[in-house]
Amino acid sequence: MSNPGCFDKPPFDAQELELLLGVFEAVCRSLQVLGRTEPPAETIALKVIDAAKTGERDPDRLCDLVLFNLRNL
């Protein structure tokens, strides 16, 4: 039995992942989250992914969107 979707395109390509990592790091700096293992870092990462799922790829806009969403939790 085949697994439908097992060969689907990944949600983000390598270039997009690099962009999202930059956004994640910028948001962490802005909020003074120093380590990736701090609990807020996971929330930030999830918000970056959620924002990117909207199709936005401009890093400044993504940062603004993530910061807005985090401040309005």
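The values are calculated or read from the model by the stated rules, or taken from the named source; none is laboratory data. Owing to the predicted nature of the structure, the values given are computational and were not obtained by experimental measurement. So basically every Cβ, Gly included, is an ideal-geometry build from the backbone, and we count neighbours across all protein chains shown.
Just wondering, is there one or more residues in region 54-71 that are part of a helix (DSSP H, G or I), modelled with pLDDT under 95 and exposed (fewer than 12 other Cβ atoms within 10 Å of the Cβ)?
Yes; the residues of region 54-71 include at least one that is part of a helix (DSSP H, G or I), modelled with pLDDT under 95 and exposed (fewer than 12 other Cβ atoms within 10 Å of the Cβ).
Within region 8-29, track down each residue that is surrounded by 13 or more Cβ atoms within 10 Å (Cβ to Cβ) and either at pLDDT 95 or above or among the β-branched types (Val, Ile, Thr) (or both).
GLU16, LEU17, LEU19, LEU20, GLY22, VAL23, PHE24, GLU25, ALA26, VAL27, CYS28
For region 21-35, enumerate the residues that are part of a helix (DSSP H, G or I), free of Cβ contacts under 8 Å to residues at least 40 places away in the same chain and within 11 Å of CYS63 (Cβ to Cβ).
Narrowing region 21-35 to residues part of a helix (DSSP H, G or I): 21-30.
Filter once more, keeping what is free of Cβ contacts under 8 Å to residues at least 40 places away in the same chain: 21-22, 24-26, 28-30.
Across region 21-35, the qualifying residues are GLY22, PHE24, GLU25, ALA26, CYS28, ARG29, SER30.
Every residue, every condition in (1) over 24 Å from PRO10 (Cα atoms); (2) not acidic (Asp, Glu), yes or no:
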residue: PRO40; (1), (2): yes, yes
residue: THR43; (1), (2): no, yes
residue: GLU56; (1), (2): no, no
residue: ASP64; (1), (2): yes, no
